[in-house]
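Quick notes on the structure that follows.
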Amino acid sequence: MHYYPLSPTILLMTEKYLSTDSYKGVRDFYPEDMAIQRYIFSTWAKTAERYGFERYDASILEPSALYKAKGAENEEMVNEQTYTFIDRGDREVTLRPEMTPSVARMVAGQRHELSFPLRWYSIPNLFRYERPQRGRLREHCQLNCDIFGASHYTADVELISLAYQTLIDFGAKPDMFEIRVNSRKLMQEQISDKLISPDLLPDYLRLVDKKAKISNDEFIKEEKKLIKDGASVAIVINDKVSQVLQGLISLGIQNAKFDSTITRGFNYYTDTVFEVFDVSGENNRAMLGGGRYDNLTEMFGGEAISGIGFGMGDVTMRDFLETHKLIPEYIRSTAPHVIVIPMTEEENMPAELIAQHIRKAGITVSTDIGIRKVGKKIGDASTRGARFIIVIGENEVSSKQLTIKNLLSGEEHTGELGSLMNYLDVK
Ligand code: HAM
């Protein structure tokens, strides 16, 4: 018989079946990934709540106008990075690429009912049509923390200290990351008269924002198009940024510094801007970014409400935690505390009854009703990280005498289920 490397029938079959890959740039969360994701989200939520932040949420669908309105606009984002479509009722809809316009909309919508200052947080999933790469995907989640209605610099200090504390609560040491602070107002004060025209400021800030991603020659070439001939740009720290940094030092935060290359990509930022970087060199993307946006709610009418906030991404967060080995081993284990193992299918139902009894005591338990050999089932329970197993055979069913085995210590206890329950209640 002659074998072809890939027979015409197989070729036909591969065309017939769908790929098991997910859509480009988004993630599937298999149980271990999900366990890590939940750990990240719960740590975020705990820290934010310790700072008195209240949780809110919104839909992933927003009218596209929200991202095009004056004040919110970000050309690169709107023209190149949003998932936008027309719905069946002819409305232009966008999958939210960020949360800030949504939260500004919500706050403006209830401005008369809310009492300021507001401290709100959320953990939305966001969609951006970007080139997928390390630290950048097409769907990511972000911890968003924002303070509305507090324009004093202490709000800036508090918010940056919350960002700092979030990383510390994951077990990070201050020398693993750096907080870089700048001010758009400061840039405006010191750059405006050097620009060919003052309305080129947003272009200049965007160019500086891209500085680390382009070559020096390209930067100089682009800068020449914006800066007057012969003008030299030297940015120095101002009082506001000094106050913020001093405030952070007085709270015990030593790893924040002034950095005039931090300008942020969004035009809605008006003053303080900041980003946090991993200093290991493994992750060159910012882990979080934020700033003060004093006019964003203006687009909904009425007097503007000042806001300051940040977004911290889960993709960069996980990269950071893995680089610094900060994910505790127990987090990855998704196994139940107890696994009841029937020896044959005959014992499947008795095993379910035992599991049901254990579950009622609030202990996580499952049964291995697969058809593998008992030895394999036991080995699997152990590699999955279960703490206890109970093997059920004919004898156990007839005598009602069960043996629980502690997989960690090897210890065994035999008796009726009721008398064994307190052994299972070990963390
Ligand atoms: P952003 O700098 O665009 O700011 O995003 C904040 C963080 O989200 C980034 O530092 C990064 O960790 C993560 N991130 C952004 N894009 C992606 C992506 N494509 N894939 C993975 N992670 C990503 C904002 O979105 C502002 N709205 C934050 C804010 C809240 N400002 C005030 N309040």
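The values are calculated or read from the model by the stated rules, or taken from the named source; none is laboratory data. Everything quoted here is computed from the prediction, not taken from an experiment. Here Cβ is always computed from backbone atoms with ideal geometry, including for glycine, and neighbour counts include all displayed protein chains. Please note that ligands, DNA and RNA were not included when accessible areas were found on the heavy atoms of the full protein model with its side chains. Shrake-Rupley method; radii C 1.70, N 1.55, O 1.52, S 1.80 Å.
If a residue counts only when it is within 25 Å of Y330 (Cα to Cα) and open to solvent by less than 70 Å² (accessible area, probe 1.4 Å), which helices (runs of 4 or more DSSP H) contained entirely in region 341-419 have at least 2 such residues?
Counting at least 2 such residues, we get 348-360, 374-384.
Could you please give the count of residues in region 259-304 that are more than 10 Å from the ligand (Cβ to nearest atom), open to solvent by 20 Å² or more (accessible area, probe 1.4 Å) and within 25 Å of G149 (Cβ to Cβ)?
The qualifying residues number 11.
Considering region 329-340 alone, what residues qualify as being part of a loop (DSSP other than H, G, I, E, B), open to solvent by less than 30 Å² (accessible area, probe 1.4 Å) and touching a helix residue (DSSP H, G or I) at 6+ places or on another chain (Cβ under 7 Å)?
Our first condition is that a residue be part of a loop (DSSP other than H, G, I, E, B); within region 329-340, this holds for 333-337.
If we keep only those that are open to solvent by less than 30 Å² (accessible area, probe 1.4 Å) as well, we get 335-336.
Answer for region 329-340, where residues must be part of a loop (DSSP other than H, G, I, E, B), open to solvent by less than 30 Å² (accessible area, probe 1.4 Å) and touching a helix residue (DSSP H, G or I) at 6+ places or on another chain (Cβ under 7 Å): just A335.
Here's the yes/no breakdown for (1) modelled with pLDDT of 95 or more; (2) in contact with a Lys or Arg (Cβ under 7 Å, 6 or more places away or on another chain); (3) open to solvent by less than 50 Å² (accessible area, probe 1.4 Å):
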| site | (1), (2), (3) |
| --- | --- |
| D175 | yes, no, no |
| I196 | no, yes, no |
| L226 | no, no, yes |
| I249 | yes, no, no |
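List pairs: first residue in region 287-310 and without any contact (Cβ under 8 Å) to a residue 12 or more places away in the chain, second residue within 14 Å of the ligand (Cβ to nearest atom) and open to solvent by 10 Å² or more (accessible area, probe 1.4 Å) anywhere in the structure, Cβ distance under 6 angstrom, at least six positions apart or on different chains.
A304/N295
Would you be able to tell me the number of residues in region 122-146 that are more than 10 Å from the ligand (Cβ to nearest atom) and part of a strand (DSSP E or B)?
Qualifying residue count for the region: 1.
Residues are listed down the side, and each one gets a yes or a no for (1) surrounded by 21 or more Cβ atoms within 10 Å (Cβ to Cβ); (2) at positive phi; (3) in contact with a helix residue (DSSP H, G or I) (Cβ under 6 Å, 6 or more places away or on another chain):
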| position | (1), (2), (3) |
| --- | --- |
| I86 | no, no, no |
| P101 | yes, no, yes |
| A104 | yes, no, yes |
| R111 | no, no, no |
| F116 | no, no, no |
| S122 | yes, no, no |
| R128 | no, no, yes |
| P132 | no, no, no |
| I147 | yes, no, yes |
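Consider region 303-322. How many of its residues are in contact with a helix residue (DSSP H, G or I) (Cβ under 7 Å, 6 or more places away or on another chain) and assigned to a loop (DSSP other than H, G, I, E, B)?
Counting residues in region 303-322 that are in contact with a helix residue (DSSP H, G or I) (Cβ under 7 Å, 6 or more places away or on another chain) and assigned to a loop (DSSP other than H, G, I, E, B) gives 2.
Are any residues in region 370-397 out of contact with any Leu (no Cβ under 8 Å at 6 or more places or on another chain) and touching a residue at least 40 places away in the same chain (Cβ under 8 Å), and if so, which ones?
Passing the criteria: R384, G385, V391, G393, E394, V397.
Looking only at region 212-222, decide whether some residue is under 28 Å from G309 (Cβ atoms), outside the structural domain of V181 (by TED's automatic domain parsing) and either within 15 Å of the ligand (Cβ to nearest atom) or modelled with pLDDT of 95 or more (or both).
yes
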